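Here the structure is laid out as structure tokens; the discussion comes afterwards.
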Amino acid sequence: MLPMKTTLPNANYWCSKPQWEHSKTPNAREKASYHTNVLDFLFNTGKFNLVENEGELFPNIEVRFFDGHTPGQMIPFVHFENKTVVYMADLIPTAANIPLLWLASYDLYPVKALEEKEKFLEEAAKNSYILFFEHDFYTECATIVKNPKGFAENERFCWKERR
């Protein structure tokens, strides 16, 4: 195996402490997602930081932990020009997952994921958050609305179109 090196030598890496601890004992279903040799390499660079608490990580960037997908999934909330952009990761992986009951089949704790998702969607609809989807091929960003049928996509757009 070739020796590893980082592509971005000045980069720092951030991971929630609960997620890091969970990565050390994955079950058979999720084992392929945790590349132990890569994670250990990054940890040993001296640029790997474990985040123990929710809150402001940097000015205008706060992080929160969600446990339904995997324990300690860290979600960044970026406060920018009087808006909040939330990097959805696996909390709500695609716009198709916006309706409350449309959970991802790979959530380890679906009941917890449902509870966390409902609380988040209430907050996102109330505060007009922009949801940024990393996993969605068709939808980059969306806002949501709560209507009598539940939560739904309100507006879909590309970030550069809004800037």
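A few comments on the model shown:
- Non-local Lys pairs in the chain, i.e. 8 or more apart or on different chains, that have alpha carbons under 13 Å apart: 4
- Least to most buried among Thr7, Thr143 (fewest other Cβ within 10 Å first): Thr7, Thr143
- Degrees separating the helix 110-127 axis from the principal Cα axis of the chain, which is the longest one: 60
- Counted by neighbouring Cβ atoms within 10 Å, the residues Phe133, Phe80, Phe43 run from fewest to most as Phe80, Phe43, Phe133.
- Estimated [θ] at 222 nm from DSSP helical runs (n ≥ 4, -39500 (n - 2.57)) normalised by residues in the chain, nearest 500: -6500 deg cm²/dmol
- Exposure proxy ranking, count of Cβ atoms within 10 Å, fewest first, for Lys31, Lys47: Lys31, Lys47
- Cα-only Debye scattering, the chain: base-10 log of I(q)/I(0) at q = 0.17 Å⁻¹: -1.13
- Here the calculated FRET efficiency for Trp159 and Ala28, from their Cβ-Cβ distance with R0 = 35 Å, stands at 0.40, rounded to the nearest 0.05.
Coordinate-derived values only; no laboratory data. This one's a predicted model, so the numbers in the text were calculated from it and none came from an experiment. Every residue, glycine among them, receives a Cβ derived from its backbone with ideal geometry; neighbour counts consider all protein chains shown.
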